[in-house]
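In what follows, a structure is listed as structure tokens, so that the remarks can point back to it.
The values are calculated or read from the model by the stated rules, or taken from the named source; none is laboratory data. Not measured: the values here are computed from a predicted model. Note: ideal-geometry Cβ built from the backbone for every residue, glycine included; neighbour counts use all protein chains shown. Keep in mind that these areas ignore ligands, DNA and RNA; they rest on the heavy atoms of the full protein, side chains included. Shrake-Rupley method; radii C 1.70, N 1.55, O 1.52, S 1.80 Å.
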Amino acid sequence: LCVFVSVVFHSCSQPTPVNQNLNITADNLVEEIAKQVKHYPSEKVYKIRYSNDNCYFEMFVDGIRVHKLFVRGGSTAVEVSNLLFHSGKHTISYKMYPLYTLEERGVTTTQNTLVDNSYIALDVYSYNLKDKNARDISYAEYTTPNIAIKNAQGDTISYKFAGAGKTYYEGSFEVEVDLPYQLQTPFATAQDLRKMDQKLLMTKLLAKYKEVWQIYKNRELDNIARLEFDMLKYYAVSHYATKEVIKKNWDFLYDNYKNTSFEMQPLANYKLEFFADGKLVALMLDTKDNKIRGNTALWIKLKDEENTPVFFNRYFYIPQGETEFKVY
């Protein structure tokens with residue numbers, strides 16, 4: 001359920017529908033998504049296993065953020081099938097950042113740059129939903145590059161991270177995957193927003209953000225379903241979800257949040273960031289607060305003991321030949 005990070009709210013009003021997925025409502029979303037899902041003799045789900053230390057990092061599939069980690073180190077795996085829309089080559093990329101502050105043995109130090117032993121190791125693999133006894137298949141393994149440290153005689157005595165001393169480091173590699181389905185994303189042929197007049201872009205984007213912000217604030221359930229339909233559909237198709245699972249996920253969203261008190265956070269402290277080769281754009285929170293960084297400026301705080309943040313990580317695009325933003 002972790003990919004279903006948006007929340008769903010109820011409204012008794014009759015708001016104007018958003019300009020996409022006009023046939024979708026909160027009542028028919030499950031049925032319409034279920035129509036798109038097919039089943040196959042082999043149903044692979046792709047994941048990326050990672051480990052890291054002495055750095056923060058973000059990971060992307062074809063330029064769309066799939067994971068972020070703002071703790072010193074960790075080791076787990078994240079599913080990425082929902083961002084693999086077709087068979088063939090895909091680009092896995094990452095961005096590394098220094099820890100800024102590090103606490104060890106009661107001592108706090110500041111790290112403004114990546115250090116000698118910063119690293120990330122990645123492994124792209126799949127498992128088969130139709131054969132739980134089958135072994136995982138690995139497609140690509142990657143480790144951040146190192147530089148050899150030599151002594152006066154020219155002998156290698158140790159290694160250090162190639163990006164040590166930098167305030168930022170990024171890299172990428174390609175992997176080829178085989179999928180039984182092929183999906184055409186709504187932004188596949190969208191405009192390259194990097195080429196748009198940036199003042200006009202920001203003006204139009206802010207107007208769209210305010211519209212979407214109001215939809216969530218007003219708990220406009222049908223409009224929220226239209227906004228989230230595409231992303232939820234690709235998740236269901238790529239995970240070969242049954243109608244029962246789709247309904248369970250949708251019900252989980254609604255039941256979990258319909259009666260929860262919350263507070264929309266103001267659109268503030270953001271920076272413009274492009275994704276997917278400029279086809280997607282978002283206003284990202286501009287902060288070093290590890291609890292909220294790496295998310296978009298659309299978010300709420302639940303009125304619980306911890307003021308838990310919940311993020312609406314929507315991306316925005318403009319189709320070719322059109323002038324208005326749509327949401328992914």
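Give me a count of the residues in the range 212-229 that are among the acidic types (Asp, Glu), open to solvent by 10 Å² or more (accessible area, probe 1.4 Å) and either over 20 Å from residue 297 (Cα atoms) or touching a Lys or Arg at 6+ places or on another chain (Cβ under 9 Å) (or both). Residues flagged as among the acidic types (Asp, Glu), open to solvent by 10 Å² or more (accessible area, probe 1.4 Å) and either over 20 Å from residue 297 (Cα atoms) or touching a Lys or Arg at 6+ places or on another chain (Cβ under 9 Å) (or both) within the range 212-229 amount to 1.
Meeting the requirement of 2 or more residues that are of a type in the set (Lys, Arg), the strands (runs of 3 or more DSSP E) wholly within the range 44-144 are 44-53, 64-69, 88-97.
Which residue, of 166, 210, 150, is at pLDDT 95 or above and more than 23 Å from the chain's Cα centre (by Cα)?
Values: 210 fails: more than 23 Å from the chain's Cα centre (by Cα); 150 fails: at pLDDT 95 or above.
From the options 166, 210, 150, the qualifying one is 166.
Which residue pairs have Cβ atoms under 7 Å apart, sit 6 or more places apart or on different chains, and have a first residue in the range 20-35 that is basic (Lys, Arg) and a second that is surrounded by 12 or more Cβ atoms within 10 Å (Cβ to Cβ) and part of a loop (DSSP other than H, G, I, E, B)? Listed pairs, sorted by first residue: none to list.
In the list 136, 155, which residue meets the criterion of being among the acidic types (Asp, Glu), open to solvent by less than 90 Å² (accessible area, probe 1.4 Å), more than 30 Å from residue 35 (Cβ to Cβ) and at pLDDT below 95?
Details: 136 fails: at pLDDT below 95.
One residue alone meets the criteria, 155.
Within the range 284-324, count every residue that is in a loop (DSSP other than H, G, I, E, B), of a type outside the set (Val, Ile, Thr) and either more than 20 Å from residue 20 (Cβ to Cβ) or more than 19 Å from the chain's Cα centre (by Cα) (or both). Break it down stepwise before answering.
Kept after step one, since they are in a loop (DSSP other than H, G, I, E, B), are these residues of the range 284-324: 286-295, 297-298, 303-308, 312-315, 318-324.
This time we only want the ones that are of a type outside the set (Val, Ile, Thr), so: 286, 288-291, 293-295, 297-298, 303-307, 312-315, 319-322, 324.
Then keep just the ones that are either more than 20 Å from residue 20 (Cβ to Cβ) or more than 19 Å from the chain's Cα centre (by Cα) (or both); that gives 286, 288-291, 293-295, 297, 303-307, 319-322, 324.
Number satisfying all stated conditions: 19.
Figure legend. Inter-residue proximity from the range 55-73: first residues farther than 18 Å from residue 164 by Cα and aromatic (Phe, Trp, Tyr), second residues open to solvent by 20 Å² or more (accessible area, probe 1.4 Å) and at pLDDT 95 or above, beta-carbon distance below 6 Å, spacing 6+ or different chains. Indicated pairs: 60/93.
Inspect the range 141-150 for any residue being of a type in the set (Gly, Ala, Ser), surrounded by fewer than 14 Cβ atoms within 10 Å (Cβ to Cβ) and over 23 Å from residue 98 (Cα atoms) and give the result as yes or no.
Looking only at the range 141-150, we keep the residues that are of a type in the set (Gly, Ala, Ser), and these are 148.
With the extra rule that they be surrounded by fewer than 14 Cβ atoms within 10 Å (Cβ to Cβ), the set shrinks to 148.
Narrowing further to those that are over 23 Å from residue 98 (Cα atoms): none.
The answer is no; no qualifying residue exists.
If you check 244, 228, 220 for being free of Cβ contacts under 8 Å to residues at least 40 places away in the same chain and either among the acidic types (Asp, Glu) or touching a strand residue (DSSP E or B) at 6+ places or on another chain (Cβ under 7 Å) (or both), only one passes: 244.
Condition test on residue 167, is it touching a Pro at 6+ places or on another chain (Cβ under 9 Å) and part of a loop (DSSP other than H, G, I, E, B)? Give the derivation first.
Values: touching a Pro at 6+ places or on another chain (Cβ under 9 Å): yes; part of a loop (DSSP other than H, G, I, E, B): yes.
In short, yes.
For residues that are crowded, with 20+ Cβ neighbours inside 10 Å and more than 16 Å from the chain's Cα centre (by Cα), tally how many sit in the range 55-71. So the answer is 1.
Here residue 184 does not fit the description of being surrounded by 12 or more Cβ atoms within 10 Å (Cβ to Cβ) and polar (S, T, N, Q).
Just the residues that are small (Gly, Ala, Ser), within 25 Å of residue 83 (Cβ to Cβ) and either free of Cβ contacts under 8 Å to residues at least 40 places away in the same chain or open to solvent by 70 Å² or more (accessible area, probe 1.4 Å) (or both), please, taken from the range 275-328.
In the first step, residues of the range 275-328 are kept if they are small (Gly, Ala, Ser); the result is 276, 278, 282, 294, 297, 321.
Checking the rest, the ones that are also within 25 Å of residue 83 (Cβ to Cβ) come to 276, 278, 282, 294, 297.
Across the range 275-328, the qualifying residue is only 282.
Please verify whether residue 238 is polar (S, T, N, Q) and at pLDDT 95 or above, treating the condition exactly as stated. Step through it out loud before you land on a result.
On the way: polar (S, T, N, Q): yes; at pLDDT 95 or above: yes.
Criteria met by residue 238.
Within the range 233-241, does at least one residue satisfy the condition of being surrounded by 14 or more Cβ atoms within 10 Å (Cβ to Cβ) and touching a His at 6+ places or on another chain (Cβ under 9 Å)? Yes, the range 233-241 contains at least one residue that is surrounded by 14 or more Cβ atoms within 10 Å (Cβ to Cβ) and touching a His at 6+ places or on another chain (Cβ under 9 Å).
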